[in-house]
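These notes concern the structure reproduced below.
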Amino acid sequence: MKIKPLLESDLKCIGEIDSSFDVTEYLGFSKKKSESKYVFEMELAKHPRPFRKVFSHYDEAYMKMLSEFVKEGGSFKISMNGKCVALAITQCHQWNSSLQVWEFLVDKDFRGRKLGRLLMQRVFDYAREKGMRSVFGETQTTNVRAVRFFEHMGFEIAGFDDAFYSNHDIDNKEIALFMRKSI
């Protein structure tokens, strides 16, 4: 197993990685506002309607955007027995010296083998090589396993958007979380 640069010709493997996950718990989100303060809270809870989350946002325009990021370098893959089992696609933001992780996928059959840790460490190394001050990405309150992984890797929750995916994110119990790690 070796981490290699992700090439534009490798992008097809994004559809070969089963990045689905079971949602049985979530981080319940609430916000309150008074005259003098805003309070935002998240609390781990059992999901009232467990489901399997499958990503399907890989339309032509999105893939074209990812292709441009891959051309910049800083995107990586792990293959095992000729199959791409994990990948990271990143983009450098020079204006604020940060590296954005657009995609970070580990095939469900290969989770728990430390591939994600190795891949994220390579992303951190790349960020340092490029003189970036931080690495950030987005996940959701329904992906508790990803939140825990990012926290284990040194990320902290840096923000949220309660209408990032739809106008019903709070009701759907799926809020976008933005996580950041200083390098």
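How big is the dipole moment of region 59-126 about its Cα centre under a simple scheme where the beta carbon of each Lys and Arg is +1, that of each Asp and Glu is -1, and everything else is neutral? Debye, nearest 20, please.
It comes to approximately 400 debye.
Here the relative contact order of the chain, from alpha carbon pairs under 8 Å that lie six or more residues apart, stands at 21 percent. In terms of other Cβ atoms within 10 Å, 54, 106 run from fewest to most in the order 54, 106. Length gained on full extension, residue 129 to residue 164: 9.5 nm, using 0.36 nm per residue less the C-alpha separation.
With contacts taken as Cα pairs under 8 Å and at least 6 residues apart, region 86-136 reaches a relative contact order of 43 percent. The dipole here belongs to region 1-109: it is taken about the Cα centre, uses +1 on the Cβ of Lys and Arg and -1 on the Cβ of Asp and Glu, and is about 260 debye. The alpha carbon gyration tensor of region 1-134 gives principal lengths a ≥ b ≥ c with a/c of 1.5 or higher and a/b no greater than b/c, which makes the shape oblate. Report, to the nearest 10°, how far helix 60-72 tilts away from the longest principal axis of the Cα atoms in the chain, using its own Cα long axis and a range of 0 to 90°. Here the helix axis deviates by roughly 60 degrees.
Note on region 89-176: with charges restricted to the Cβ of Lys and Arg (+1) and Asp and Glu (-1), its dipole about the Cα centre is near 580 debye.
Legend: translational diffusion of region 95-183 by Stokes-Einstein, Rh = Kirkwood radius over C-alpha pairs, 37 °C, 0.692 mPa s; D = 237 µm²/s. Between helix 115-129 and the chain there is an angle of about 80 degrees, using the helix long axis and the longest principal axis of the Cα atoms.
Starting from the Cα gyration tensor of region 9-74, take the square roots of the eigenvalues, sort them a ≥ b ≥ c, and report rounded, prolate or oblate (rounded when a/c is under 1.5, otherwise prolate if a/b is larger than b/c, else oblate). Cα axes put region 9-74 in the oblate bin.
Which one of 105, 80, 121 has its Cα pushed farthest toward the positive end of the charge dipole of region 79-158, where Lys and Arg give +1 and Asp and Glu give -1 at the Cβ? Looking along the dipole axis, the top candidate is 80. Report the Cα centroid-to-centroid distance between region 96-166 and region 11-60 in angstrom, as an integer. So the two Cα centres are separated by 14 Å.
For region 1-45, build the charge dipole from Cβ charges (+1 Lys, Arg; -1 Asp, Glu) around the Cα centre, then report which of 15, 40, 3 sits farthest towards its positive end. It is 40. In region 118-168, the inverse of the mean reciprocal separation of distinct Cα atoms equals 12.6 Å; this is its Kirkwood hydrodynamic radius.
Read the figures in this text as sums done on the coordinates, not as results from a lab. Because the structure is a prediction, the values reported are computed rather than measured. Every residue, glycine as well, gets a Cβ built from its backbone with ideal geometry; the counts of neighbours run over all protein chains shown.
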